[in-house]
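So the structure is just underneath, and the comments pick up after that.
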Amino acid sequence: MKKIGVLTSGGDAPGMNAAIRAVVRKAICHNIEVYGIKYGFQGLMEGTIEKMEIGSVGDIIHRGGTMLYSARSEAFKTEEGQQKAIEQLNKFGIEGLIVIGGDGSFRGAQKLTEKGYPCIGVPGTIDNDIAGTDFTIGFDTALNTVIEAIDKVRDTATSHKRTYIIEVMGRNAGDIALWAGLADGAESILIPEKKEKFETVVQKLKRGHKRGKKHSIIILAEGVGSGIEYGKRIEEATDLETRVTVLGHIQRGGSPSAADRVLASRLAAKAVDLLMAGKAGRMVGIQQNEIVDHEINKILHEQHTINDDMYTLSQELSI
Ligand code: F6P
């Protein structure tokens, strides 16, 4: 393999730049040319492709976002879109592609692989919702952003003796909410994977209030529903003054944590190794601190699961 491409796609995640840097440097180390594709699969179809050098990825390891920009492309989901993408790759003589993103991006990588174009997936999403890897790039940073925000909310919650609902990201996955809830001692954690009865949450809040608690924090993953609506119902049912904070896209930005920079570097380097070894349709991951790889197609048919012991522990510690 003499020329490879790299793109970031879907929701961006802190650490994507560290991954791009590792792809470029590792490949150049092995005398492989690297082409950066801007704006994900959309940019690939449109041919926004540039050759990258060692210096192209200087001073980016600590930066959030992605220097290659990102997009969610509807056009690429069509047969015509995929053909256009392949034409562009052929035009530039790119022989293999590294796709950094989440499950939607991997569906794209799988499609190209099925059409004979070798792709390797690198899991980059703050949601930590990909099977076959214990962690995705960006999750640790997002988690720390959430913790910092909750710590601040806590101060004002105590001053005013209020209940707070904190809505965090996670469309179909509760990892951010679960980890943040455990790290921040939340009263209740509401995630798509576990159904917590409304009555149970209300009883817990009332019990805490009786015991003299100065504030209560409930963390709700966006996949469960609207935090604003939930807050209204809680205030009505408990008669406790309640406020809602929706953290939103703030969770996707910021300088990546050390853990994310290291993870991104390790995973991206492995992706280059796989292309060099002639592999295609694989996703790299980390399991028990070992860098592994799996068939993308298999991963797409599996569900990421939350850690049940952590969920139980969070309940035990918030009685
Ligand atoms: O996939 C990551 C994610 O941040 C989800 O948690 C969130 O639901 C979604 O992206 C938001 O996407 P967008 O930036 O397109 O609104």
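Of the helices (runs of 4 or more DSSP H) lying entirely inside the range 231-319, those containing at least 3 residues that are under 15 Å from the mean Cα position of the chain (by Cα) span 258-276. Listed by first and then second residue, the pairs linking a residue in the range 24-49 that is under 13 Å from VAL99 (Cα atoms) to a residue that is of a type in the set (Asp, Glu), with Cβ atoms under 6 Å apart and 6 or more places separating them unless they lie on different chains, are GLY36/GLU50. Can you spot a residue in the range 263-274 that is touching a residue at least 24 places away in the same chain (Cβ under 8 Å), β-branched (Val, Ile, Thr), more than 30 Å from ILE32 (Cα to Cα) and buried (at least 17 other Cβ atoms within 10 Å of the Cβ)? No, because not a single residue in the range 263-274 is touching a residue at least 24 places away in the same chain (Cβ under 8 Å), β-branched (Val, Ile, Thr), more than 30 Å from ILE32 (Cα to Cα) and buried (at least 17 other Cβ atoms within 10 Å of the Cβ). Please work out if ILE218 is closer than 25 Å to THR145 by Cα, part of a helix (DSSP H, G or I) and within 23 Å of the chain's Cα centre (by Cα). Considered against the rule, which asks whether it is closer than 25 Å to THR145 by Cα, part of a helix (DSSP H, G or I) and within 23 Å of the chain's Cα centre (by Cα), ILE218 comes out as no. Screening GLY96 against (1) under 30 Å from GLY278 (Cα atoms); (2) buried (at least 23 other Cβ atoms within 10 Å of the Cβ); (3) within 16 Å of the ligand (Cβ to nearest atom) leaves a single unmet condition, (3).
Within the range 1-56, the set of residues being acidic (Asp, Glu) and more than 16 Å from the ligand (Cβ to nearest atom) comprises GLU33, GLU46, GLU50, GLU53.
Within the range 99-141, being over 30 Å from TYR164 (Cβ atoms), among the acidic types (Asp, Glu) and within 10 Å of the ligand (Cβ to nearest atom) holds for one residue alone: ASP103.
Tell me whether the range 171-180 contains one or more residues that are more than 16 Å from the ligand (Cβ to nearest atom) and in contact with a strand residue (DSSP E or B) (Cβ under 8 Å, 6 or more places away or on another chain). No: the range 171-180 contains no residue that is more than 16 Å from the ligand (Cβ to nearest atom) and in contact with a strand residue (DSSP E or B) (Cβ under 8 Å, 6 or more places away or on another chain). Among the residues of the range 142-161, is any out of contact with any Leu (no Cβ under 8 Å at 6 or more places or on another chain) and within 11 Å of the ligand (Cβ to nearest atom)? Checked the range 142-161: at least one residue is out of contact with any Leu (no Cβ under 8 Å at 6 or more places or on another chain) and within 11 Å of the ligand (Cβ to nearest atom). Scan the range 245-259 and tell me whether some residue there is touching a strand residue (DSSP E or B) at 6+ places or on another chain (Cβ under 9 Å), hydrophobic (A, V, I, L, M, F, W, C), closer than 26 Å to THR158 by Cα and modelled with pLDDT of 95 or more. So far as the range 245-259 goes, yes, one or more of its residues are touching a strand residue (DSSP E or B) at 6+ places or on another chain (Cβ under 9 Å), hydrophobic (A, V, I, L, M, F, W, C), closer than 26 Å to THR158 by Cα and modelled with pLDDT of 95 or more.
The values are calculated or read from the model by the stated rules, or taken from the named source; none is laboratory data. Note that this is a predicted model, so its numbers are computed, not measured. Positions of Cβ are backbone-derived with ideal geometry, glycine not excepted, and every protein chain shown enters the neighbour counts.
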